[in-house]
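Asker: I am attaching a structure below and will ask some questions about it afterwards.
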Amino acid sequence: MFTNFKTNQVILQKSVKIEMKFLLFIFSLAIYQNVHSQNWELKKETENVKVYTADIQNSALKKYKIVAISNAPINKVYYLLTDYNNYTKMFKEISDFKLLSKNDTVCITYSLFEMPWPIKERDLITKITTYRAKDIIIVSSESINKHKDIAMGECIRISDFSEKFILKKI
């Protein structure tokens, strides 16, 4: 599909579900869906970015998928995705972020999301798994409802979260 682009470009695919009225908070309301088995509708397109949405069966929520082409090497894109020390600077909705554990392929993170009044804050505990091969990096995330280091507070725990970034050289 994108074979006319240089080999150092990247395809970044992200599929998530989102509550439409909180579109600005898409990072906190996500679910990965199989790209090829869905009825995706193109909603917006620019030169190197396409945004699709699709219905979620038995839900008032929508999911979305972003396909982007970039001249950035996949390792640099991966670094930005996993630059956890700067998440509160990169994502203004994240008021607190903790890296709870990490090894070569899996890490556990905690995020606290500020919401506009009168909506209560949300928090999220995430297991992030990384797969690396020669010309591809896959970063998958899924919510974890409990962790020994994080107590349930006054906010609402996001319990149905998953996302997947597929970084490929093309």
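The values are calculated or read from the model by the stated rules, or taken from the named source; none is laboratory data. This structure is a prediction, so every number in the text was calculated from the model and none was measured. Neighbour counts run over all protein chains shown; Cβ positions are idealised from the backbone, glycine included. For the accessible areas, the whole protein counts, side chains as well, though only heavy atoms, and no ligand, DNA or RNA atoms are used. Shrake-Rupley method; radii C 1.70, N 1.55, O 1.52, S 1.80 Å.
Asker: In whole Å, largest first, what are the principal axis extents of the Cα atoms in the stretch 56-133?
Answerer: Between the extreme Cα coordinates on each principal axis of the stretch 56-133 lie 43, 30, 23 Å.
Asker: TYR84 label point, 7 Å along Cα→Cβ, cut-off 15 Å on backbone N: hits in the stretch 111-134?
Answerer: 111-112, 124-131
Asker: For the stretch 165-170, just list the computed ³J(HN,Hα) in residue order, Karplus coefficients 6.51, -1.76 and 1.60, θ = phi - 60°, integers in Hz, with x standing in for Gly and Pro.
Answerer: Using θ = phi - 60°, the values come out as 10, 10, 9, 10, 6, 10 Hz.
Asker: Can you list residues whose amide H is under 5 Å from ILE144's amide H, if they're 5+ apart or on another chain and H is modeled 1.01 Å from N?
Answerer: Hits under the 5 Å cutoff: ILE125, THR126, LYS127.
Asker: How charged is the neighbourhood of ILE150? Take every other residue with its Cβ under 9 Å from the Cβ of ILE150, and add Lys/Arg as +1 and Asp/Glu as -1.
Answerer: +1
Asker: What does DSSP give for the stretch 56-170 in terms of the percent of beta bridges that are antiparallel, rounded to the nearest 5?
Answerer: 95 percent
Asker: For the stretch 135-149, in order, what is each residue's ³J(HN,Hα) by Karplus, 6.51 cos²θ - 1.76 cosθ + 1.60 with θ = phi - 60°, in whole Hz (x at glycine and Pro)?
Answerer: 10, 8, 10, 10, 10, 10, 10, 8, 6, 10, 6, 9, 8, 4, 8
Asker: How many Å² of accessible area per residue for the stretch 83-166, probe 1.4 Å?
Answerer: 60 Å²
Asker: Could you list which residues have their amide H under 5 Å from that of SER95, counting only those 5 or more apart in sequence or on another chain, with H placed in the peptide plane?
Answerer: LEU112, PHE113, GLU114
Asker: Among 95-102, 107-114, what's the highest-first ranking by average C-beta atoms within 10 angstrom per residue?
Answerer: Ranking the peptides 95-102, 107-114 by packing returns 107-114, 95-102.
Asker: Rank-order 160-169, 125-134 by packing density, defined as the average count of other C-beta atoms within 10 Å over each peptide's residues, highest first.
Answerer: Most protected by this proxy first, the peptides run 160-169, 125-134.
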